[in-house]
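One structure coming up, written as structure tokens, with questions to follow.
The values are calculated or read from the model by the stated rules, or taken from the named source; none is laboratory data. Treat the numbers as computed from the prediction; the structure is a model and nothing was measured. Ideal geometry is used to build each Cβ from the backbone, glycine not excepted, and the neighbour counts take in all protein chains shown. SASA here: full protein model, heavy atoms, side chains in, ligands and nucleic acids out. Shrake-Rupley method; radii C 1.70, N 1.55, O 1.52, S 1.80 Å.
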Amino acid sequence: MNGPASHNSRSPLYRLIALQAIATLSIGLVCSLISFEAAYSALLGGLVFMLPNALLIYKAFFAIKVGSARKIANSMYVGEAIKFGLTALLFAAVFVFVSPLNAPALFVTFFVVLMINSLSPLLNGRLNDS
């Protein structure tokens, strides 16, 4: 379905990704007032959440063909498992390869973007009202 209905069903997902990116960049900008290290650590924290989440969104909502509910549910479970593993791998890579690192900035940004994702049903309702 490539008509208007499919565009409307995707727009909340695009808004969610945009909101996550805006939050990541905003926190990175605020952290740049502290130090360059805090700024790039904050950006990395947002990316550690956003990249696996974007992969899950693609796999779950854009890559699945219309099929049985079981196939769709299995695709969601596989996508969540990949998201979890990729998040752990990205955290490990950041801690191994990035030095110096401002861990509080990394984790605060990760947590804020996670909360945006978790609260997206509430945020989506407010975004649709405006």
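Can you confirm whether region 70-84 contains a residue that is of a type in the set (A, V, I, L, M) and modelled with pLDDT of 95 or more? So that I can check it myself, show each step before the final result.
Taking region 70-84 and keeping what is of a type in the set (A, V, I, L, M), we get 72-73, 76, 78, 81-82.
Right, trim to modelled with pLDDT of 95 or more and you get none.
No - not one qualifying residue is present in region 70-84.
Among the candidates Ser99, Ser120, single out the residue that is out of contact with any strand residue (DSSP E or B) (no Cβ under 7 Å at 6 or more places or on another chain), polar (S, T, N, Q) and either on the phi > 0 side of the Ramachandran plot or modelled with pLDDT under 95 (or both).
None of the other options fit; the residue is Ser120.
Give the residues of region 1-46 that are modelled with pLDDT of 90 or more and either aromatic (Phe, Trp, Tyr) or not in a helix (DSSP H, G or I) (or both), sorted by residue number.
Leu33, Ile34, Ser35, Phe36, Tyr40
Going by the conditions given, is Phe62 at pLDDT below 95, surrounded by fewer than 17 Cβ atoms within 10 Å (Cβ to Cβ) and of a type in the set (Phe, Trp, Tyr)?
For Phe62, the condition - at pLDDT below 95, surrounded by fewer than 17 Cβ atoms within 10 Å (Cβ to Cβ) and of a type in the set (Phe, Trp, Tyr) - is met.
Sticking with this one: Anything in region 93-111 that is closer than 20 Å to Ser26 by Cα and open to solvent by 50 Å² or more (accessible area, probe 1.4 Å)? List them, or say none.
Hits for region 93-111 are Pro104, Phe107, Val108, Phe111.
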